[in-house]
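Here's the structure we're looking at; comments come further down.
FYI, it's all coordinate maths here, none of it is from the lab. Everything numeric in this text was worked out from a predicted model, so none of it was measured. Positions of Cβ are backbone-derived with ideal geometry, glycine not excepted, and every protein chain shown enters the neighbour counts.
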Amino acid sequence: MNSKKKFICLEAAMATIVMILLFIMVKEQMGKQSYKISVILQDSDSSQWSALRYGLKMAAKDSGTEVFFASIGNELTVDEQINIIKYEIDNGADAIIVQPVSDINTEVELKKLEKKVPVMLVESTASKDRNASILPTTEADNYAMGRSLAEEILKDYNGNIQGKKLGIITDNSSSEAITNRIRGFKDILENTDAKICWTIFGSSGKSGKSFLKNKPSVDLVIALDNASLVNAAEDSALNKLHGALVYGIGHSTEAVYYLDTGDIECLVVPDEFNIGYKSLTEVVESLEYYFYKMKDMTLYYTILRNEELFSEKNQEIIFTMSQM
Amino acid sequence: MKIKYSKSMKKFKPRGIHSTIMFAFSAVSAFIMLILGVVLYMRFSSISRQEIIQNTQKLMEETGEHLEDYLLNMRQVSDTVYYNVIKENDFSDNDNLIHQEMKLIYEANKNNLRSIAIYNNYGSLMAAEPVALQKEDPDITHQNWFTRAMDEMENMHFSTPHIQNLFSDAARRYYWVISLSRAVEFSDSGVPMSGVLLVDMDYSGISRMMQKINNQNNGQYYYLCDSTGQIIYHMKQVQISNGISSENNSEIANYRDGVYHEYFKGEHRKLLIKTISYTGWKLVGVIPYSSFTHGMFNMRYFIMVIIILMAMMLAVIHRFISDKISSPILKLNASVMEYEAGEKPEIYIGGSQEIRHLGYSIQRSYEQIDLLMKEIVMEQNERRKSELDALQSQINPHFLYNALDSIVWMVEGERNDDAVFMISELAKLFRISLSKGRTIISLQDELQHAKSYMNIQKIRYKNCFSIDFDIDSFIYSYCSVKLILQPILENAINYGINGMDDCGEITVIGRKEDGKIILSVVDNGIGIPEDEVNFILTDSDRVHKHGSGVGLVNVNNRIQILFGKDYGITIESELDEGTTVSVCIPAVPYTEENRKILEKGHIKYE
């Protein structure tokens, strides 16, 4: 290669480097790509999701992503939910965090969408069986919460609840989360003489209160989801439960309020902040690393009692619930 | 081994002047640019770092002032309630007035206040604004703000943020407040009592202030903690309590106001601390070292782009300059190479003064070389011719015929002794003439040859001239060119003596003077006209007319070829007086070594 060719090659190489550097500069100038993550929760504006939303927002802030909450009502069908997800994807969502509607087709439909964008489930798996779930899920240990709630009841009665009558209320018995909570609860009470008089499913619906009114009186009302718990506590505050004590699982300030006023005896609070925080962090990981496979995450929960409600640690839980 | 050596030699083949200049310029420029780039970057980053710290300090000063104003305002609220409302009124007598005035104060500050409440020392609520339903059993006396106020009655106490656990809220919400509590004295139904005045500040006021400055996305952040290091505000408060993030807040209690460096969780960072007056709270600015370079990646790239662009430009300039410098040298080199290759172009003359001079010098050198080459070729030709002539002289048939004729004549006249002498001299003559084919012989031999020749000639010319040899004996051992005297003697006989009547005299003188041997043949013959003397050594044809064929020109050439132009023959002549022909040769001792060197013709004596 003669000198002139060498010189031209050298100049061309330097020009190429300059172009690359300018490209990087412009790219940096335009800023790091900010991922848009859509969150689809049922009854999305409910205060029960305050901690979860706060966790999602904090994770988004820490990871430099944007999080959008789709405004959705209470009772969604699979098709409606899938349509909403599709709409969000069409609107530029890079990933979806969704509380799945409990239906046999949900998982199949969501799996199809997962080919387009990462999909993370929260609160419950889409399939009935947690072990058979094929989509990553971040949720509290529902089975353990059910067990803990039963254990707290036993503690209050020194392990003897012979002859006590129990009524169980839940919002949607078909979800994996509720199923596991019931299973955990029943597993503990299995060997006791307590009697479960009735179980109401879908109490958070329009007719939730009327169900309780017309049911035979019981000693203990067990609410396995936040909405059912608040409904039961409201009834208790209005003395509609004929002296029945309320135990339940919830994660809203309303639930805490009724615990504070003594209308709820014991409140099991799933760590909603971390469900939100960790689910979004996991999604961001999968967006940033192509080969990253999102994992299932099971988070812990806290048992709140009136006496220790305002302890330092519990105040932080209430703090997350109080965030708008 | 040889192949390896030659390969390595090829590898280290010297670069051309163009590449060398280009490489040298580029290396120096690259080095300077690199140094410049690094220095610029370091300087810039240092200034930028200082600027970030200064800006952070400024921001912290402003925020600190806002916080102090805010807290001062709260203290003023507390003071106003205490000194203007509580102390001035009796709770039983002026309950309404107390409420009204408290309401006024609350309304004036409600953006930052959650509630104002007065409790007696048993924890019973005396008054509160806004009026709200107290919880059934809030256990006031065990709440932190109450115990602190009662323990240190002389001070006002700021709590860390906590949930207000005093009143029932119809909205079923919980409020995050910072409590300002102080012990107070008041009168109820004329009875002096002690209690605690509580001003609950809305945490969102401080939270907003802190959020406003925590809007940078370069990793830099601010947090607020109390004097013991307990966090009051941190943008990752929940993450820290959940163990997702961490903060070195417990160490802050040990720091005073200033700028500190710390290494926390694998990260170097700068801590800027400002203490908020009265409360002892510390506003902490955290600048991770990574944030110093956050905005500087672009600057790095920018400097790199500038350096590369400069390098590109300099490369062009260097090429131009090196072209300018090397082009005349390369052209000169090319013309020299062409010359060496056998072509004969004009040597390039151009470029700078020095290169022009070089061109001229080379051209002159080549011209001189050409001239010398021509001279050498001519000399060689002359030499060959002279040697041929000398060889011819050795076997001059006419001379031999005359000599043999004289011998025959002597034998017939029964002059046997003379014949023997003649034959013997002839034998000596031929022996020395041959001299084993040597060109250089000793002066002794040369003189012997001259004597033998003259002896033969004397007999032939019937002693019509006399010959005398006046030789310094020590010169015999010096070198001489063979047969240089014989042609001169022949000329002396032919042109000088011949025709004279018995009075011809020829003298051969041999001397050494100033490192030279001078052999002179002096005759008292008819002499040579002056105009002819000048032609004898230059016009060989003229001389050859009468001679034996071996003229003085030949002798002179042979001497000068061997010893240089300083040596040779000189002729001095005067008509009717005689002629002196002098041979001048260098005094070189006759040794075998000197003889060989001289015969190769390598030495010339200037």
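Couplings 3J(HN,Hα) of the range B:250-258, computed from phi: 5, 7, 4, 4, 7, 9, 9, 4, x Hz, in residue order, whole Hz [Karplus 6.51 cos²θ - 1.76 cosθ + 1.60, θ = phi - 60°; x for Gly and Pro]. Computed FRET efficiency, Cβ-Cβ of residue B:468 and residue B:600, R0 56 Å: what is it to the nearest 0.05? That pair, residue B:468 with residue B:600, gives E of 0.95. The value given for the range B:214-292 is a Kirkwood hydrodynamic radius of 12.7 Å, derived from the mean inverse Cα-Cα separation.
Between the range A:13-69 and the range B:311-329, the C-alpha centres lie 51 angstrom from each other. Over chain A, with a Gaussian network built from C-alpha contacts below 10 Å, which listed residue (A:184, A:159, A:248) shows the highest mean-square fluctuation? For chain A, modelled as a Gaussian network with Cα springs under 10 Å, the answer is A:159. Of the trypsin sites (Lys or Arg not before Pro) found in the range A:1-73, those in coil by DSSP whose Cβ has at most 16 other Cβ atoms within 10 Å are A:32.
Quotient of the Cα radius of gyration of chain B and 2.2 N^0.38 Å, N being its number of residues: 2.56. The phi-based Karplus calculation (6.51 cos²θ - 1.76 cosθ + 1.60; θ = phi - 60°) puts the 3J(HN,Hα) values of the range A:134-150 at 9, 10, x, 9, 10, 7, 6, 6, 5, 4, 5, 5, x, 4, 4, 4, 5 Hz, whole numbers, x for Gly and Pro. The C-alpha atoms of the range B:87-206 occupy a region whose extents along the principal axes are 38, 30, 27 Å, arranged from largest to smallest.
Inverting the pair-averaged 1/r between distinct Cα atoms of the range B:53-100 gives 13.0 Å as its Kirkwood hydrodynamic radius. Reported to the nearest whole Å, the Cα centre-to-centre distance from the range A:153-186 to the range B:132-198 is 40. Which longest uninterrupted range of chain B lacks any trypsin sites (Lys or Arg not before Pro) assigned by DSSP to a loop state (not H, G, I, E or B) and surrounded by at most 16 other Cβ atoms within 10 Å? Between the exposed loop sites, the longest stretch runs B:266-414. Positive-end ranking of A:18, A:233, B:153 along the dipole of the protein assembly as shown, with charges on Cβ about the Cα centre, is headed by A:18. In terms of other Cβ atoms within 10 Å, B:90, B:576, B:405 run from fewest to most in the order B:576, B:405, B:90. Phi angles across the range B:158-173 convert, under the Karplus curve 6.51 cos²θ - 1.76 cosθ + 1.60 with θ = phi - 60°, into 3J(HN,Hα) values of 9, 8, 7, x, 7, 7, 6, 10, 10, 10, 7, 10, 4, 7, 6, 10 Hz, Gly and Pro given as x. The label point for residue B:134 and the one for residue B:259, both projected 7 Å from the Cα toward the Cβ, are 5.3 nm apart.
Peptide B:163-173 has a mean of 4 when you count, residue by residue, the C-beta atoms of other protein chains within 10 Å of its C-beta. Compared with the alpha-carbon gap, the fully stretched path from residue B:251 to residue B:356 is longer by 29.9 nm at 0.36 nm per residue. Can you compute the helix-only [θ] at 222 nm over chain B? Use -39500 (n - 2.57) per DSSP H run of at least 4 residues, normalise by all residues, nearest 500 deg cm²/dmol. It comes out at -16500 deg cm²/dmol, rounded to the nearest 500. Legend: ranking of residues B:538, A:137, A:192 from fewest to most surrounding C-beta atoms inside 10 Å; resulting order B:538, A:192, A:137.
Treating each Cα of chain A as an identical point scatterer and summing with the Debye formula, the log10 of I(q)/I(0) at q = 0.06, 0.08, 0.11, 0.15 Å⁻¹ comes to -0.27, -0.42, -0.71, -1.17.
For the range B:376-600, with the dipole built from +1 on Lys and Arg beta-carbon atoms and -1 on Asp and Glu ones, taken about the Cα centre, which of B:527, B:578, B:449 lies farthest toward the positive end? So the residue we want is B:449. Counting lysine pairs in the range A:142-270 that sit 8 or more residues apart in sequence, or on different chains, and whose Cα atoms lie under 21 Å apart gives 25.
Along chain B, the longest continuous region that contains none of the chymotrypsin sites (Phe, Trp or Tyr not before Pro) in a DSSP loop with at most 10 other C-beta atoms within 10 Å is B:123-606.
For the range A:228-314, the set of chymotrypsin sites (Phe, Trp or Tyr not before Pro) satisfying both a DSSP loop assignment and a count of at most 16 other C-beta atoms within 10 Å is given as A:289, A:290, A:291, A:292, A:300.
For the range A:228-319, the list of GluC sites (Glu not before Pro) that fall in a loop by DSSP and count at most 15 other C-beta atoms within 10 angstrom reads A:307, A:308. In a simple Cβ point-charge model (Lys, Arg +1; Asp, Glu -1; nothing else charged), the protein assembly as shown has a dipole of about 2260 debye relative to its Cα centre.
A helix-only calculation puts chain A at -14500 deg cm²/dmol for mean residue ellipticity at 222 nm, using -39500 (n - 2.57) for each DSSP H run of at least four residues, averaged over all residues. The shape of the range B:184-327 can be summarised by an equivalent ellipsoid whose semi-axes, obtained from the alpha carbon gyration tensor, come to 58, 15, 14 Å from longest to shortest. Amide H to amide H distances under 5 Å link residue B:135 with B:167, B:168, where only residues 5 or more positions off or on other chains count and H is placed in the peptide plane. Classify the protein assembly as shown as rounded, prolate or oblate, taking a ≥ b ≥ c as the square roots of the eigenvalues of its Cα gyration tensor: rounded when a/c is under 1.5, otherwise prolate if a/b is larger than b/c and oblate if not. Since a/c reaches 1.5 and a/b is larger than b/c, the shape of the protein assembly as shown is classed as prolate. Can you give the FRET efficiency for residue B:227 and residue B:185, using 1/(1 + (r/R0)^6), R0 = 41 Å, r = Cβ-Cβ distance, to the nearest 0.05? Calculated transfer efficiency: 0.90.
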